[in-house]
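Report on one structure; see the data block that follows.
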Amino acid sequence: MITRRQLWGLLALTLMWGVNWPMMKLSLQQLTPLYFRASTMLLGAAWLFVWVASRGERMWPTGREWGVIAALGLPNVLGWHTLSIFGVQELASGRAAILGFTMPIFTVLLGAAFFGERITPRVRLAVVCVSIAIGLLLWHELQRLSGRPAGVAWMLGAAASWALGTLLFRRARLTLSALVVTVWMLLLGSVVVGVLAIALEPLPQPARFSGVMWLSLFYGVIINYGFAQLIWFGLARELPPATSAMSVMAIPLVGTLSATFITGEMPHWQDWFAMVFVMVAIASVLWPARAAPSGGTTGAAQ
């Protein structure tokens, strides 16, 4: 049974990560994508490092673990965080969130394709729903004179990267906690993204940043890369995986609704229908399976 504290934690996490999508869009009005990612990721991971270390966690990897963490960081950090910020730059933030949270479906599909995991009727339903959602959003982007179908590709690539990273993370042999590994992936990833930013983008001019811009950066550092991570890993330790994962279902909805107030983006009917199909798809792969009859075996969640 989920406790009241855990319920409030899930609610806070959903709001934090949902609102983060339009906040990222807001930041990109005055800061280029790679500099935005590098700065918020580095500062967020740095204060997260200090906080976790103060709790007595072992923070330093052993010799071989450095290579494993770096390899895990390629899809988990460079793939997801870099591709998704380009997707947010191209698309409405709510639309980017909808596409980004197809990641649980990619996790199941990649698991079946490369790791021998089973494809169930639920997964088939999820694939159909996600295909319809992607088709709706692509249709609207291609209909618009200034449509950005490339943004759809960025976000689907980000979702697939996250899914692959999740599968590899599950199979990695590390002696550090998952939170510490995540902190190191963010720190190492921010250095790589920073180098790319210096090479590919003009230097930012913080003196020209507005108060709203500083607020959005604060949100990215303290909330998205800080408190939300702590809440997520705390819940992951306490709740069954399916229960904590189900919280992602409402994030695209929060992202789409909050974007109306934060960035003035008005969702279209394709967005609403796509959101419904994606939420059905997520539910179909994450909702706990019905318990088997007494004396039998318990069915898998996927």
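Figures for the structure shown
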| item | result |
| --- | --- |
| Candidates LEU34, LEU78, LEU176, ranked by Gaussian network fluctuation over the chain, Cα under 10 Å, top entry | LEU176 |
| Exposure proxy ranking, count of Cβ atoms within 10 Å, fewest first, for PHE115, PHE227 | PHE115, PHE227 |
| Restricting segment 31-113 to trypsin sites (Lys or Arg not before Pro) in coil, as DSSP defines it, with at most 13 other Cβ within 10 Å | ARG55, ARG58 |
| 3J(HN,Hα) from dihedral phi, segment 204-212, Karplus parametrisation 6.51/-1.76/1.60, rounded to Hz, x for glycine, proline | x, 10, x, 4, 9, 5, 7, x, 5 |
| Karplus (6.51, -1.76, 1.60) ³J(HN,Hα), θ = phi - 60°, over segment 64-78, in Hz, Gly and Pro reported as x | 6, 5, 4, x, 5, 5, 4, 5, 5, x, 4, x, 5, 10, 5 |
| Table column - 3J(HN,Hα) (Hz), segment 173-187, Karplus curve with 6.51, -1.76, 1.60, x for Gly and Pro | 9, 9, 8, 7, 6, 4, 5, 5, 4, 4, 4, 5, 4, 5, 5 |
| Segment 1-91: GluC sites (Glu not before Pro) in DSSP coil with no more than 16 other Cβ atoms inside 10 Å | GLU57 |
| Alpha carbon centroid spacing (whole Å) that separates segment 248-277 from segment 35-109 | 23 |
| Given [x] 51, 45, 38; [y] 54, 41, 38; [z] 68, 52, 39, the label whose value is Cα extents along the principal axes in Å derived from this model | [z] |
| Cα gyration tensor shape for segment 48-153, rounded if a/c is under 1.5, else prolate or oblate | oblate |
| Alpha-carbon centroid distance for the pair segment 1-31 / segment 168-182, whole angstrom | 24 |
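Readers should treat all values here as calculations from the given coordinates under stated rules, not as data from a laboratory. Because the structure is predicted, anything quoted here is derived from the model rather than measured. Neighbour counts are summed over all protein chains in view; Cβ atoms, including those assigned to glycine, are modelled from backbone coordinates with ideal geometry.
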